[in-house]
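Asker: Questions regarding the structure given below will be posed in turn.
The values are calculated or read from the model by the stated rules, or taken from the named source; none is laboratory data. For clarity, every value in this text was computed on a predicted model and none was experimentally measured. With ideal geometry, Cβ positions are generated from the backbone for all residues, glycine too; neighbour counts draw on all protein chains shown. For accessibility, only protein heavy atoms count, side chains too; no ligands or nucleic acids. Shrake-Rupley method; radii C 1.70, N 1.55, O 1.52, S 1.80 Å.
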Amino acid sequence: MYFDAKLKGITCDSRKVKPGYAFVAVKGEKEDGNSYIEEAIAKGAAVIFTEEDLKPLPFDVPVVKVENASVTLARLLARFYKYPSEKINVIGVTGTNGKTTTTYMIEEILRKAGFSTGLIGTVSMKIGSRYYPHTLTTPDSECLQRALAQMVEQDVYAAVMEVSSHGLKYHRVDCIDFNVAVHTNISEDHIDTHGSFEDYVNTKRRLFNMLGPGTTAVINGDDPHGLDLVRENPKPLILTYGLGAKSSITASSIDTSS
């Protein structure tokens, strides 16, 4: 992949372009980054990445055609920030419901155990001891890689993050090395952008397919779709939890009266 070590930054938002930046023209749900290429160049973009065959531009700026602009953006950013996810423990939590609660519980356990933590989720982003508001369950890859790099700088031990189906479908979490992936549940409540339940499950599976040797997949054994998420990847250790006797970790004598 074309990469110039002299690049000052990488973005898919033409408003953020500064001299020496790479601009990646991503086709979004509402906006097409190719419509803003000339604006990006006028602001000083040093190179353009696009999926399109562009007509000759009236600027002497290299244009690199790529197969998938979103994937390219994630790869460029990971390289630009020197692959920060390889330097900390990253725990990803996915599911239709319960992601926020689960990430907060994991982060609290790690913090109470004395570890420095990061948290990325629906409500806010936490880097060390500081909290930052944001609006996306899974931020874009630009925000994610920058946040992970900041966590490395602050000696964060583990980053716990919500991983939405949007984040997976649009490659926001590409090039992140997950140490642990947690599945809460899968239902048909949030399949509006997937077209079918099958595509929704396949999208969730992407997170578990990203796991390599020495990693762990934590699966809700009571969910009928749970083990389907790890059927394509034999590399991680699989731990199941639930009320059923066949799960690795089970609960009994449950008291909900309080």
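Asker: Say we look at the stretch 199-258 and pick out the residues that are open to solvent by 70 Å² or more (accessible area, probe 1.4 Å) and aliphatic (A, V, I, L, M); which of these is nearest to Tyr170 (Cα to Cα)?
Answerer: Leu227
Condition check ((1) closer than 30 Å to Glu188 by Cβ; (2) of a type in the set (Asp, Glu)) across all residues:
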{"site": "Asp4", "(1), (2)": "no, yes"}
{"site": "Lys8", "(1), (2)": "no, no"}
{"site": "Val26", "(1), (2)": "yes, no"}
{"site": "Ala46", "(1), (2)": "no, no"}
{"site": "Phe49", "(1), (2)": "no, no"}
{"site": "Val66", "(1), (2)": "no, no"}
{"site": "Arg79", "(1), (2)": "no, no"}
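Asker: Give me the residue from the stretch 2-36 that is more than 20 Å from Lys65 (Cβ to Cβ), in contact with a strand residue (DSSP E or B) (Cβ under 8 Å, 6 or more places away or on another chain) and of a type in the set (D, E, K, R) and, out of that set, most open to solvent (accessible area, probe 1.4 Å).
Answerer: Lys8
Asker: Out of all the residues in the stretch 37-90, which are in a strand (DSSP E or B), at pLDDT 95 or above and open to solvent by 10 Å² or more (accessible area, probe 1.4 Å)?
Answerer: Passing the criteria: only Asn89.
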